[in-house]
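**Student:** What follows is a structure written as structure tokens; I'll ask about it next.
The values are calculated or read from the model by the stated rules, or taken from the named source; none is laboratory data. Every value quoted in this text rests on a predicted model; they were computed, and no experiment measured them. All Cβ positions, glycine included, derive from the backbone under ideal geometry; neighbour counts span all protein chains shown. Only protein heavy atoms, including side chains, enter the accessible area calculation; ligands, DNA and RNA are left aside. Shrake-Rupley method; radii C 1.70, N 1.55, O 1.52, S 1.80 Å.
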Amino acid sequence: MATMIDAPPPTVAPPKSKSAGGGLGRYILIRFLLIFPTIFILVTLVFFLMRITGDPITAAQGGRLPQEQIDALIHQAGYDRNLFIQYIEYLGNIATGNFGRTISDGRPVIEMLTTFGAATLELSINALLVALLVGIPLGMFAAHKRDKVPDAFLRLFAILCYATPVFFAGLLLKLVFSVGLGWFPVAGRASTTTELAMGRLGAPTGIYWLDALRSNDLAAFGDIVHHAVLPAVALGLLTAGVFLRLVRTNVIGTLGKDYVEAGRSRGVSEFRLVTKHAYKPALIPIITVMGLQIALMLGGAVLTETTFEWKGLGYQLAQYLTARDFVAVQGIVMLLAVIVAVTNFVVDIAAALIDPRVRY
């Protein structure tokens, strides 16, 4: 009698695992491709919102020239054509790097963005340094002193930092430290002598403190730092308050983890637990939020530059809005949109490199 032998169960192939490199590459590619629709949407919104209020020439010259001359200028510039045709032409010019000329002072928009964009970048770097130097150590200290008097004081300080309007903080700092105590200059990026020296440099970056270091001019560097303190503090405290609260919350959460408890049971001091073991995981949310804070900081830069007469993109944006120079405003807003989109891309990549869970 033949014996029936059961066939072995089919082998189930293990699921293919994603390679770390492929996951990261796909993540970077997707994030990179998302930059273009973001910029496209912002550019489109700015174009049509500007055009809703009328053409740039009527906005800039209305009431100053006879209507016949204004009509001739509008026809010469092509603003009397179909709006959709103007939009397609505008996109074509942007694609070829032609941003046109400002209406109020006739400067090439690219030159204007390069000149004043460096000043705004310098202010943003200074403010970000202030935010990191103030927010992270104080957040760790507040977590170390949880529910004690220093913690309560620092939480109140953080709320005041991000709840106070940046222009009010700037005016207050000017009144106290410039007008009252005379410790810092009232306005400007540098003294006239330093600005002339920076203008004579060959191939300048436009970031004054970097150009001063490149030329080994320590006197100019000191003058630039002296002028930069109050604007950087006014803008940096806005973000420092957010960093302080984030670091405090995340360090407190990390201090309850098993590996920290194991270190505590082995006699590791509380100070070492905070500064060596708990703060690194707490920094991951900081990097994630930093992209959003850059956008907030650029918005604050408009008010800070106006308050301290810091001649960057924000200061110029206010001047061009007053002059109703739509071409210049479109160029500045588009550059700010590109900066925000690229910054978010860089922050996303940094977060993915630090924490692999972000990629999936």
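**Student:** Rolling a 1.4 angstrom probe over the protein chains, ignoring ligands and nucleic acids, what is the accessible area of TYR79 in square angstrom, nearest 10?
**Tutor:** Probe radius 1.4 Å; accessible area of TYR79 about 50 Å².
**Student:** Another question, then. What distance in nm separates the two pseudo spin-label positions at ALA219 and TYR87, each 7 Å out from Cα along the beta-carbon direction?
**Tutor:** Label-label distance for ALA219 and TYR87, simple model: 5.7 nm.
**Student:** So what's the Cα pair-distance distribution over the chain, bin width 20 Å, in %?
**Tutor:** 22, 46, 24, 6, 2, 0
**Student:** Counting Lys +1, Arg +1, Asp -1, Glu -1, what net charge surrounds ASP258 among other residues with beta carbon under 15 Å of its beta carbon?
**Tutor:** Values: positive: LYS257, ARG264, ARG266; negative: GLU261.
Within the 15 Å Cβ shell, the charges total +2.
**Student:** While we're on this one: In terms of modelled amide H atoms, which long-range or inter-chain residues lie less than 5 Å from the amide H of ARG101?
**Tutor:** Hits under the 5 Å cutoff: VAL109.
**Student:** Leaving out ligands and nucleic acids, note down the accessible area per residue over the chain with a 1.4 angstrom probe, in whole Å².
**Tutor:** Numbers: 20030 Å² over 360 residues.
Per residue, the chain has 56 Å² of solvent-accessible surface.
**Student:** Got a sec to turn the phi values of segment 205-222 into Karplus ³J(HN,Hα) couplings, 6.51 cos²θ - 1.76 cosθ + 1.60 with θ = phi - 60°, whole Hz, x for Gly and Pro?
**Tutor:** 7, x, 8, 4, 5, 6, 5, 5, 5, 4, 8, 6, 9, 5, 5, 5, 4, x
**Student:** Continuing with the same structure: Taking K and R as +1 and D and E as -1, what net charge do the other residues with C-beta under 12 Å from the C-beta of ILE224 add up to? Write down the numbers at each step before the final one.
**Tutor:** Values: positive: ARG189; negative: GLU122, GLU195, ASP211, ASP217, ASP223.
Cβ neighbours under 12 Å give a net charge of -4.
**Student:** Using a Förster distance of 41 angstrom, determine the FRET efficiency expected from the C-beta separation of ALA262 and SER191, and round it to 0.05.
**Tutor:** Working: r = 57 Å, r/R0 = 1.38.
Once the sixth-power term is evaluated, E becomes 0.10.
**Student:** Within the accessible area of the chain, what % is carbon and sulfur when the probe is 1.4 Å and the other protein chains stay in place? Don't jump to the answer; show the numbers that get you there.
**Tutor:** On the way: 13540 of 20030 Å².
Solvent-exposed carbon and sulfur of the chain make up 68 percent of the total.
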